[in-house]
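First up is the structure itself, then whatever we jot down about it.
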Amino acid sequence: MNLSSLNWNSLLPELVIVATSLIVLITAVVGKVSRVDRIARGHALAVVTLIGLLIAAGLTIMQLSQPASDFMGMVQSDALSHYLNLVILLAAALAVLLAWDYLGRFTYSFSEFYSLLLLAVAGMMFLGKSTELITLFVSLEILSISLYILTGFNRHQLASAEASLKYFLLGAFASGFIVYGAALLYGDTGSTWFSDIAANASGGFLTLAGFALLLVGFAFKIAAVPFHMWTPDAYQGAPTPVTAFMSVGTKAAALVALFRVLQSAVSAPYETWAWALAILSLLTMTVGNVAALRQTSIKRLLAYSSIAQAGYMLIGLVAGTVLGLQAMLFYLFAYAFMNIGAFACASLLESDDWSELQDASMANARGLFSRQPLLATALAIFMFSLAGIPPLAGFFGKLYLFDAAIDAGWLWLALVAVINSVISAYYYMRVVVVMFMEAPDESTRVRLPIPDSAILAIVIAVLGALLLGILAGPSFASLGQAVVAWRF
Amino acid sequence: MVLDYLPLLILFIIAAGFAAIAIILPTVLGPRNPNKMKQEPIESGMIPFMQAWRRFPVQYYMVAMLFIIFDIEVIFFYPWAVVLGKLKLFGLIEMAIFLGILLIGYFYVWRKGAFEWQ
Amino acid sequence: MTIPLTWYLILSAALFAIGLFGVLARRNAIAILIGVELMLNAVNVNILAFWRYIRPDDPSGQVFAIIVLTVAAAEAAVGLALFISIYRTRRSINVDHLDALKG
């Protein structure tokens, strides 16, 4: 074995991210900076982070047409992982734009924040590429541990610390399940490589228990009901840029990793897993939507909504076809734009009282349209897109997912999902009604002046939600070509 | 097969017996006249000045945490050392990368002042 | 007479279950963390038993165990840092007392 046999090229985007993370970290302890310059330095670090993310995205796009399996088959870089990388990098870049101004309000530890964010990005990218259990476990832990710290980054605020503690305890608990499942699969097949597991799995108790435990662990990570207890608290308490990032990135990476794991489960009948996933999906969207109905905080409402959205995305895995995977990838892109956009608007509605929960309550948005018409319109677009109203990206995403489900013979699941969309429209519309129909009063609160970076993030998200909707056909088709090129 | 472990069992019995004898014999044979000095936790050591059950300064915690992290990382040297002969230059470079990343972390912790007691 | 693999698996499953019980039953965050660590170490027993009985020729089982160990240590370090930071403001790390977020 030698260095060149590993084919480093295919991991270049990840390596760039890790290197950027280390560079950003080391700046924390190089040179002395006066109190006044700290904010400027934070902005410089944000720019460095953005450059790193852009380079990684560029490298990923250059590699789009080159599938490769490397590091003795531990990672697989193919269309699936390339598109996943783009979703994650997009989410991270938008989160950096949100953090640009937001972060300086409660901390000066900019280096640590961006460094951890980049590490989480690297963990997610590796997770989507891993085709070996140890690699999978390590990358999952890299992203999880970074996110535990990021969640509690506003450590003087009680809600943030509490969110971090809950996320940590349940996340570590879930890791236990994942690693136990991995151990059982290793015992069953004598190997940790997915390909060996697919070839040698006995299909007996060990295989079954191993996959079931892995499924439970992943269900925790993608916040699927009944393993979602941590999600509303963690999402509400975390600094909003972090919430926006992890609600998209973790789900995307974990869904792709789960797909790869299940592909290696072919020796066990796929129908069993499809049924388990279908029930998971059904519970996830129903519980998420019903719980979101009675929320008074926009941030918590969006947290429950993101649980429900994970339920929709699971449909793609249930179908288990090319079409299903394609629809899931499309939905991930749409979800990245509309969900981060919604959190970006929510972050501008937060009250400035740091001693309390410091939350974006529904009352803060009352009559927003007459105060800030553009902001209100943007938030309305994200809400319409999340609800699935044409011609926005969310509508086509759902259409493709439901279509894939019907195509694979899961008509009842598609019907349940449609009913769920109708339920969800109620609470999404409630936000719009509060903004447009009600008159502003003393509880209406917007952070002014609205920072340029947040405007940029919102504009990108609005454009994404609109363009993905208008160009849904062509973009879906191009995803399809890439996915079909993958080994099916 | 089980008989192979017989010497081990005998060793255990002898060790346990020796310990028991060393405890029982002095209590039977020796005279006893306790006084305050003799009742101290460490006789003929320093005189204790407070309860052992008290709060430790939080600095201990920081040292302990850093110790856990860096101590555990060393574990990766063992499998590496076993196969270094086969990996040759490749193994050396890999470990250099690993150590480099570790050193960046060490440098960060050092410059942050985590090693200073105050 | 050697110890059969099943015994190790039963031991590890029992340890895992004890850890699981600890996580679910205890209210103190540190006790919960101890439960999680117990679960991870139970898995390590499992992995090493599998390695010894099924693939003693291939060291990847040992590597797996070492990595689980390292991850458990990293998790403990991060977790304890979190607990300290919460204890400083709340004077308690009982998870029942943490109720700022709900709904």
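The values are calculated or read from the model by the stated rules, or taken from the named source; none is laboratory data. What you are looking at is a predicted structure, and each value in this text was computed from that prediction instead of being measured. Every residue, glycine as well, gets a Cβ built from its backbone with ideal geometry; the counts of neighbours run over all protein chains shown.
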From the list A:Val18, A:Val33, A:Val47, A:Val24, which one is more than 14 Å from every other protein chain (Cβ to nearest Cβ) and either at pLDDT below 90 or in a helix (DSSP H, G or I) (or both)? A:Val47
Examine segment C:10-17 for a residue that is surrounded by fewer than 20 Cβ atoms within 10 Å (Cβ to Cβ), in contact (Cβ under 8 Å) with a residue 40 or more places away in the chain and closer than 30 Å to A:Glu162 by Cβ, and state whether such a residue exists. no
Residue set B:Pro41, B:Pro57, B:Pro79; condition modelled with pLDDT under 90 and surrounded by 10 or more Cβ atoms within 10 Å (Cβ to Cβ); output residue B:Pro79
For C:Leu24, indicate whether it is in contact (Cβ under 8 Å) with a residue 24 or more places away in the chain and more than 8 Å from chain A (Cβ to nearest Cβ). no
Taking A:Ile142 as the residue in question, decide whether it is within 8 Å of another protein chain (Cβ to nearest Cβ) and either of a type in the set (D, E, K, R) or surrounded by fewer than 24 Cβ atoms within 10 Å (Cβ to Cβ) (or both). no
Would you say A:Gly249 is in a helix (DSSP H, G or I), within 14 Å of chain C (Cβ to nearest Cβ) and either over 17 Å from A:Gly320 (Cβ atoms) or of a type outside the set (Lys, Arg) (or both)? no
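Filter segment C:90-103 down to the residues that are more than 10 Å from chain A (Cβ to nearest Cβ) and at positive phi and list them by number.
From segment C:90-103, those more than 10 Å from chain A (Cβ to nearest Cβ) are C:91-92, C:94, C:96; that's our starting set.
Within segment C:90-103, just C:Arg91 meets the criteria.
Restricting the search to segment A:184-197, which residues are within 8 Å of chain C (Cβ to nearest Cβ) and part of a helix (DSSP H, G or I)?
Taking segment A:184-197 first, the residues within 8 Å of chain C (Cβ to nearest Cβ) are A:184, A:186-187, A:190-192.
Result: A:Leu184, A:Tyr186, A:Gly187.
Here is a check on your reading of the model: is B:Phe90 at the interface with chain A (Cβ under 9 Å from one of its Cβ atoms), surrounded by 15 or more Cβ atoms within 10 Å (Cβ to Cβ) and assigned to a helix (DSSP H, G or I)? Reasoning before the result, please.
On the way: at the interface with chain A (Cβ under 9 Å from one of its Cβ atoms): yes; surrounded by 15 or more Cβ atoms within 10 Å (Cβ to Cβ): yes; assigned to a helix (DSSP H, G or I): yes.
It is true that B:Phe90 is at the interface with chain A (Cβ under 9 Å from one of its Cβ atoms), surrounded by 15 or more Cβ atoms within 10 Å (Cβ to Cβ) and assigned to a helix (DSSP H, G or I).
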Among (1) at the interface with chain A (Cβ under 9 Å from one of its Cβ atoms); (2) closer than 30 Å to A:Ala234 by Cα, which single condition is C:Ala17 missing? (1)
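When you scan segment A:441-449, do you find a residue that is of a type in the set (A, V, I, L, M, F, W, C) and surrounded by 18 or more Cβ atoms within 10 Å (Cβ to Cβ), even just one?
So in segment A:441-449, the residues of a type in the set (A, V, I, L, M, F, W, C) come out as A:446, A:448.
From what is left, the residues that are surrounded by 18 or more Cβ atoms within 10 Å (Cβ to Cβ) are A:446.
Scanning segment A:441-449, I find at least one residue that is of a type in the set (A, V, I, L, M, F, W, C) and surrounded by 18 or more Cβ atoms within 10 Å (Cβ to Cβ), so the answer is yes.
Quick test for you: out of A:Leu262, A:Leu255, A:Leu280, pick the one residue that is assigned to a helix (DSSP H, G or I), crowded, with 19+ Cβ neighbours inside 10 Å and at pLDDT below 90.
Details: A:Leu255 fails: at pLDDT below 90; A:Leu280 fails: at pLDDT below 90.
None of the others qualify; the one that does is A:Leu262.
For A:Leu147, are the conditions met, namely being buried (at least 24 other Cβ atoms within 10 Å of the Cβ), within 12 Å of chain C (Cβ to nearest Cβ) and at pLDDT 95 or above? Spell out how you get there, then give the answer.
Details: buried (at least 24 other Cβ atoms within 10 Å of the Cβ): yes; within 12 Å of chain C (Cβ to nearest Cβ): yes; at pLDDT 95 or above: yes.
Answer is yes for this residue.
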Which residue is farthest from A:Thr240 (Cα to Cα), if the candidates are limited to segment A:152-183 and must be aliphatic (A, V, I, L, M) and more than 7 Å from chain C (Cβ to nearest Cβ)? A:Ala182
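Out of segment A:410-460, which residues are of a type in the set (Val, Ile, Thr) and either touching a Lys or Arg at 6+ places or on another chain (Cβ under 7 Å) or outside any helix (DSSP H, G or I) (or both)?
Narrowing segment A:410-460 to residues of a type in the set (Val, Ile, Thr): A:416, A:418-419, A:422-423, A:431-434, A:444, A:446, A:450, A:455, A:458-460.
A:Val434, A:Thr444, A:Val446, A:Ile450, listed by residue number.
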Just checking, which of A:Ala408, A:Ala465, A:Ala425, A:Ala472 is touching a residue at least 24 places away in the same chain (Cβ under 8 Å) and surrounded by 22 or more Cβ atoms within 10 Å (Cβ to Cβ)? A:Ala465
I need every pair where a residue in segment A:117-138 that is more than 11 Å from every other protein chain (Cβ to nearest Cβ) and assigned to a helix (DSSP H, G or I) has its Cβ under 9 Å from the Cβ of a residue that is surrounded by 24 or more Cβ atoms within 10 Å (Cβ to Cβ) and basic (Lys, Arg), sequence separation at least 6 or different chains. none
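Quick one: would you say B:Ala52 is over 30 Å from A:Thr27 (Cα atoms), modelled with pLDDT of 90 or more and either part of a helix (DSSP H, G or I) or away from chain A (no Cβ under 13 Å) (or both)? Before you say what the answer is, go through the steps one by one.
Working: over 30 Å from A:Thr27 (Cα atoms): yes; modelled with pLDDT of 90 or more: no; either part of a helix (DSSP H, G or I) or away from chain A (no Cβ under 13 Å) (or both): yes.
Spelling it out, it is not the case that B:Ala52 is over 30 Å from A:Thr27 (Cα atoms), modelled with pLDDT of 90 or more and either part of a helix (DSSP H, G or I) or away from chain A (no Cβ under 13 Å) (or both).
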The condition from (1) buried (at least 20 other Cβ atoms within 10 Å of the Cβ); (2) under 22 Å from B:Leu102 (Cα atoms); (3) aliphatic (A, V, I, L, M) that A:Leu53 misses is numbered (2)
Any residue in segment A:322-342 that's within 16 Å of A:Leu467 (Cα to Cα): show its pairings with residues that are not aromatic (Phe, Trp, Tyr) and not in a helix (DSSP H, G or I) at Cβ separation under 8 Å, as long as the two are six or more apart or on different chains. A:Met338/A:Leu392
Say we look at segment C:46-89 and pick out the residues that are at the interface with chain A (Cβ under 8 Å from one of its Cβ atoms) and not in a helix (DSSP H, G or I); which of these is surrounded by the most Cβ atoms within 10 Å (Cβ to Cβ)? C:Arg55
Whichever residue in segment A:195-228 is in contact with a Gly (Cβ under 8 Å, 6 or more places away or on another chain) and of a type in the set (Val, Ile, Thr) and, among such residues, is farthest from A:Phe177 (Cα to Cα): A:Val225
